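Here's the structure we're looking at; comments come further down.
Values quoted throughout were computed directly from the atomic coordinates according to the rules given, and no laboratory measurement underlies them. On a predicted model such as this, the values are computed, not experimentally measured, just so you know. Cβ atoms come from the backbone with ideal geometry, glycine included; neighbour counts cover every protein chain shown.
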Amino acid sequence: MIPQAAELPWFAALPVALLLLGGAGLTLIGSIGLLRLRSFYERVHAPTLATSYGMGCILIASMIFFSVLQTRLVIHEVVIGAFIVLTTPVTLMLVARAALHRDRLEKNATVPPSINQPAT
Amino acid sequence: MTAMVLSWCLLLAQLMLALAMLCATWRVLRGPRAQDRVVGLDTLYVNAMLLLVTFGIRSGTQVYFEAALVIALLGFVSTAALAKFLMRGEVIE
């Protein structure tokens, strides 16, 4: 049982519950995609479901919960959201380029050759 | 009534996030190649951060928010360092 939840009116509790369920469900779908997709380059895309909509839903739920509970605007979760939204493309781009580099070094036939070096 | 609905939805959300963490852990342990493990680790820390936010809602304190922020910061640095290691074979040249 949540200690403060009894003080929460229904018009705040209902969106919080729905947003939590939706965000967690989207995160779970993204992780299942990470588990089930076949090649690495497909798998890179799946977790972004968690870092965009899943994270957004859960952070908005937290914001609504604390704002209604403390009767003031509590939006410091925006910091986490902005940070994750900014860093996820950077890290995934770095990892994907590293993987491409490794595949090309191994002369793996599934990746296209570099434009700068014509295929031999 | 609404407190009960919120409590059950929170429990369900936490279970789903824990299951998502299990999926990511499985990918880290099994991942056929090193880059799969790095992407699994990236997913794992994002899921752990979301789980900490839901713990913060359950307990009603702001302490968990700071823990989630620290996890987000350190996770980015660790994933960037691991990607650099995959690319070059060393982190600091």
Tell me the angle of helix A:10-36 to the major Cα principal axis of chain A, expressed in degrees between 0 and 90 and rounded to the nearest ten.
20
If I model a spin label as a point 7 Å beyond the Cα along the Cα-Cβ vector, how far apart are those points for B:VAL70 and A:TRP10 in nm?
4.1
I need the semi-axes of the equivalent ellipsoid of chain A: take the C-alpha gyration tensor, multiply each eigenvalue by 5, square-root it, list largest first in whole angstrom.
42, 15, 8
Mean-square fluctuation check for chain A, GNM, Cα pairs under 10 Å: which of A:THR71, A:THR88, A:THR51 is largest?
A:THR71
Using only Cα atoms and rounding to the nearest 10 degrees, what angle (0 to 90) does helix A:77-105 make with the longest principal axis of chain A?
20
Note to self: Kirkwood Rh of chain B, Cα pairs, one decimal, Å, is 14.7
Between A:SER39 and A:LEU73, what is the FRET efficiency for a Förster distance of 41 Å, r being their Cβ-Cβ separation, to the nearest 0.05?
0.35
Which value in nm describes the separation of the simple spin-label points at B:VAL63 and A:HIS101, placed 7 Å from the Cα toward the beta carbon?
4.2
Within chain A, what is the longest stretch that has no trypsin sites (Lys or Arg not before Pro) placed in a DSSP loop and near at most 13 other beta-carbon atoms within 10 Å?
A:1-37
Inter-part distance where region B:12-40 and region A:65-120 are each reduced to a Cα centre, Å:
17
Mean residue ellipticity at 222 nm from the helices of the protein assembly as shown, using -39,500 (n - 2.57) per DSSP H segment of n ≥ 4 over the full residue count, to the nearest 500 deg cm²/dmol?
-26000 deg cm²/dmol
